[in-house]
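Notes to accompany the following structure.
Read the figures in this text as sums done on the coordinates, not as results from a lab. Quick caveat: nothing in here was measured; it's all calculated off a predicted structure. Here the Cβ positions follow ideal geometry from the backbone for every residue, glycine too, while neighbour counts run over all protein chains shown.
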Amino acid sequence: MVEKIVIDPVTRIEGHLKIEVEVENGNVKDAWSSGTMARGFEALLKGKDPRDAPFVTSRFCGVCYSVHQLTSARALDEAFGAKVPWGGTLLRNLAMGAQYIYDHVLHFYHLSALDYIDIMAVANYKGKDKGLLAVKDKIVGLVKANDTFPLTPRYKPDEFCVKDPDMVISAVKHYIDALSTHARARNMGAIFGGRTPHYQSIVVGGFTQYPDINMVARFRTMLDEQAKFVNDVYIPDVLAFGTGPLFPLAKMGLGGGHYNYISYGALEKDPTGKDLVFPPGVIVGLDPKNIKVQPFDQKKITESVKYAWYKQDEPQHPYNGKQEFDLEQKKAYSFVKAPRYDGLPMEAGPLARMLIAREPTFLGLVKQGVKLGAVARHAARAIETKLVVDACYKWCDDLLSAMTKPGFKIHDTDHWEPPNNGMGSGFYEAPRGALGHWIKIKDKKIDNYQAVVPSTWNASPRDEKKVRGPYEESLIGVPVPDPDNPINVVRVIRSFDPCLACAIHLIDPKTNEIRKFIVE
Amino acid sequence: MDKKQDLYSWLEIRGVSRREFIKYCAATAAVLGLSELEFTTRVAQALETAAKKPPVIWLEGQDCAGCTISFTGALNPPAASIILDKLSIRYHETIMAAAGHLAESVYHNTVKKGGYVLVVEGSIPSADDRFCMVGGRPFRKIVEEAAEKAAAIIAVGACAAYGGIPAAGPTRGIGLHKALPGKAVINLSTCPVHTDHLVGTILYFLATGKGPPLDDIGRPKAYFEQSIHDNCRRRSYFDEDTFLKDWNDPTQKDFCLYEKGCKGPDIYSDCAIRRWNDGINFCIDCGAGCQGCADPDFYAGMTPLYTAESERSQNIMARKKAGLIPKKEKV
């Protein structure tokens, strides 16, 4: 018997997502991923001063705010012919580094962990640690007061949920601690970014915050706290869970997908811009024993609209993509387009980056039997957080040394005025994966603006060849023994760290028309 | 007996079965050194006196979750204590454990009972309901329904208050002042909401049972009465027409940002005193002008953002030349 399950809304993600699955004999047989909200950002940017774009596109997403600001500024840098001075790049990188650290910690503890632990197991904690007893008191107190929101209700803990009281109570303590830790990571970013969410200091040509030594010292001090949390808490937690009680999930490779991966590359280690913390590349049909990475070529990106609410067209490169809505499309089921690389769906994000970088710690886990899937995504995210922390220390040193030399610059002032006409593209790695912005300028104003974001890659619907998007493919075969408790489905989806507000912001700039929209 | 039955149905709604609960009680009672009966009775008693923590429904419409992230940035008191100890957050898509029908059932149950604080993040599409659907229903209908029995309504961020950036686009996003005409709404504009503004408003509500005094566009006077310009440390440079032209030049780094598009003289918010992120920095201090995110005209009324060509900027200079913007008094 085939049973259809609809999860709407998928919570603990950014944005509005609906997931539908067909379950047969306890396993997912088919899946559909739909984005259900649109704001029309590209349309409102048309005709505006191009320099507005980084500020406005930052508001694509309030979780990964600054990555859009930066990627937009990079598209403008190219269109304006601006050369960002090394000082400007270092400041951009430090602001980004803080973003990565906060974002990954938030994702693991606050958006994901509740899928893997039975929080009520804290009542069985028998140890004497004062900090942990305080956590026990807090949770037991909530239960006694009959008010455990927002920790309940929840999907029923299944056989994979960690129930060991010692592990659960320390995870719950870290859940509580991490709320303040990632708040301070965002404050660290604000030292240069101006404030968070939504930095103010990233503009075309560089940066607006002229740094002083005290700011660098403050950043470094706050970075020490983050480094300690990442190295002593976050990574050990992920490894302890992934190679311990969650190893059965890791070993079965729950939520694998197409095994195609893409990274645009990001975070410059030196002024040449060639040596990057995250190298660019593409992997097609991964063989974990023999990882073959192709060079990334942006010309191979196309977007299909066959199953999305847009006017039908051949797959197009984002520069030429049209944005006309057509809600009459009977086969369509999402506002998200279907990007493809060389015609293939690609997974973007930490898993892609760690594979393309052939990161040794991560590959060590793969050797230990962690198959690529939901658990591997969490591990890749934790491991790359440490790479970013380490890079931040180096950028602090590099900034101090650059600042104290004559001719220190943070901005390309000669290229501040918009060109009469031009075009540019910006590529970056957001915490959630490969991010691209494209701009066309006519008469000093924005003529066309396009973004293909990580969750466009990952949440994409089927393409014209009926090939599923990464979320959809990763759900095939996922065990759902109880249709009322599809906990494995949300585990898989949340492991991608969805960001749907980013993925859907397109709308017909000419007609603004929506005709028909079929809702379940 | 009835109390016990109430308790079981109450738990059921929250996704805890009777069997699970009894099992849990036995375990917890043992830990607490109580008999299971005693423990269950105490829980049932507590049920009557519960609801001390005000229930909260937090809805997200055409949003970016930036206000949610800003809320979780609270350090004094920490967000964990607000979320677990001070409020009973029944529905919040980004932080709640439940998903799908479980989430929807808590929402409906809370709405039925009424008396909750309704927080709205994000705008509501006025061009067509279908631009924002949650759980298969138009977001507009959900907001109208939740507003019916709310004890207080807070619009967090520029989008929920006045429409914000989506107001400038084809979905024609609107804020609660237009979506809920006639309803009393506390507007915490700025993009995103300032952590302190939201936490302070919640604490005020907890202490007094009502919302803080508001200005004529629904914003708490305590946060929005002062002009950015009056408290700006670059103000004396504005008075002397000394404007920043090059971000690279350390001798210019404190100059007025008017020519880089700052609208501070026209905007009312306490950012320049309170600053952001626990006082670490704020827009003007990082060398970027105030873009008026606290103002009902944000964003459409502020563009172009980085020059002095907008109507707002032109108006500021005209007023300055007419002597209508007083110089800072020399102390």
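What value, in deg cm²/dmol to 500, does the helix sum -39500 (n - 2.57) over DSSP H runs of n ≥ 4 give at 222 nm once divided by the residues of chain A?
Working: 16 runs with 191 residues, N = 520.
Value at 222 nm, helices only: -11500 deg cm²/dmol.
May I ask you to list, by number, the DSSP H helices of chain A whose Cα span along the axis is at least 18 Å and whose average Kyte-Doolittle hydropathy reaches -1.0 or more? All intermediate terms of the calculation are to be shown ahead of the outcome.
Working: long enough: A:65-80 (23 Å, -0.11); A:86-106 (30 Å, 0.28); A:130-144 (20 Å, 0.69); A:165-193 (41 Å, 0.19); A:213-229 (25 Å, -0.12); A:374-403 (43 Å, 0.34).
Flagged H segments are A:65-80, A:86-106, A:130-144, A:165-193, A:213-229, A:374-403.
Can you compute the FRET efficiency between B:Ala222 and A:Thr272 using 1/(1 + (r/R0)^6), with r the Cβ-Cβ distance and R0 = 51 Å? Round to the nearest 0.05. Spell out each step's value before the answer.
On the way: r = 51 Å, r/R0 = 1.01.
Efficiency, rounded to the nearest 0.05: 0.50.
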| task | Report, by chain and number, residues whose modeled amide H sits under 5 Å from the one on A:Phe278, excluding near sequence neighbours (fewer than 5 apart, same chain). | result | A:Ala266
| request: Give me the lysines in straight-line cross-link reach of A:Lys163: C-alpha distance below 17 Å, same-chain residues under 8 apart excluded. | output: A:Lys126, A:Lys136, A:Lys173, B:Lys23
| note | Packing-ranked peptide list from B:68-77, A:392-401, B:184-193, B:312-321, highest mean Cβ count within 10 angstrom first, is B:184-193, B:68-77, A:392-401, B:312-321
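I need the shape label for the range A:248-312. Rule: rounded when a/c is under 1.5, else prolate if a/b > b/c, else oblate, with a, b, c from the alpha carbon gyration tensor.
Values: a/c = 2.18, a/b = 1.10, b/c = 1.99.
Judged from the Cα gyration tensor, the range A:248-312 comes out oblate (a/c at least 1.5, b/c at or above a/b).
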| query | Per 20 Å bin, what percent of the C-alpha pairs of the protein assembly as shown does each bin hold, from zero upward? | reply | 16, 51, 29, 3, 0
| task | Enumerate the aspartates and glutamates that A:Lys440 could reach by cross-link, defined here as Cα to Cα under 14 Å, with residues fewer than 8 away along the same chain left out. | result | A:Glu42, A:Asp49, A:Asp52, A:Asp77, A:Glu78
| remark: Mean other chain Cβ within 10 Å across B:299-311 is 4
| field | 16 Å cut-off, amide nitrogen to a point 7 angstrom out along A:Lys292 Cα→Cβ, residues in the range A:355-386 | value | A:356
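Fewest Cβ neighbours within 10 Å first, please rank B:Ser310, A:Ser72 accordingly.
Details: B:Ser310 21, A:Ser72 32.
Listed from fewest to most nearby Cβ atoms, that is B:Ser310, A:Ser72.
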| said: Give me the inter-chain shielding for B:246-255: mean count of other chain Cβ atoms within 10 Å, whole number please. | reply: 5
| message | Pairs on different chains or at least eight residues apart, Cα atoms closer than 24 Å: how many lysine pairs in the range B:186-308 fit? | response | 6
| Histogram of C-alpha separations across the range B:229-321, 10 Å bin width, % | 17, 52, 29, 2
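Percentage of Cα-Cα pair distances in the range A:11-59 greater than 15 Å, rounded to whole percent?
Percentage above 15 Å: 64.
Could you give the dipole magnitude of the protein assembly as shown about its Cα centre, charging the beta-carbon of Lys and Arg +1 and that of Asp and Glu -1, in debye to the nearest 20?
Details: 106 positive and 101 negative charges, 93 e Å.
Charge dipole of the protein assembly as shown: 440 debye, to the nearest 20.
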| remark: A student applying the Cα gyration tensor rule (rounded when a/c is under 1.5; otherwise prolate if a/b is larger than b/c, oblate if not) would label the range A:1-144 oblate
| request: Send over the Kirkwood Rh of the range B:188-281, from the inverse of the averaged 1/r over different Cα pairs, rounded to one decimal Å. | output: 14.9 Å
| Leading residue at positive end of dipole, chain A (Cβ point charges), from A:Ala376, A:Gly206, A:Leu267 | A:Gly206
| task | Starting from the Cα of A:Leu400, step 7 Å along the direction of its Cβ; do the same at A:Asp30; then give the gap between the two resulting points in nm. | result | 6.1 nm
| task | Mind checking B:134-146 for the average number of partner chain beta-carbons within 10 Å of each residue's beta-carbon? | result | 2
| query | Among the lysines, which fall within straight-line cross-link reach of A:Lys330, defined as a Cα-Cα distance under 25 Å, with same-chain neighbours fewer than 8 residues apart omitted? | reply | A:Lys4, A:Lys18, A:Lys29, A:Lys306, A:Lys311, A:Lys322, A:Lys465, A:Lys466, A:Lys510, A:Lys516
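Taking 35 Å as R0, compute the FRET efficiency from the Cβ-Cβ separation of A:Asp158 and B:Lys52 and round it to 0.05. Walk me through the numbers before you get to the answer.
Values: r = 33 Å, r/R0 = 0.96.
After rounding to 0.05, the efficiency reads 0.55.
Pull out a ≥ b ≥ c, the square roots of the eigenvalues of the alpha-carbon gyration tensor of the range A:2-503, then state rounded if a/c is under 1.5, prolate if not and a/b is larger than b/c, and oblate in the remaining case. All intermediate terms of the calculation are to be shown ahead of the outcome.
Details: a/c = 1.78, a/b = 1.19, b/c = 1.49.
Oblate shape, in that a/c is at least 1.5 and b/c is the bigger or equal ratio.
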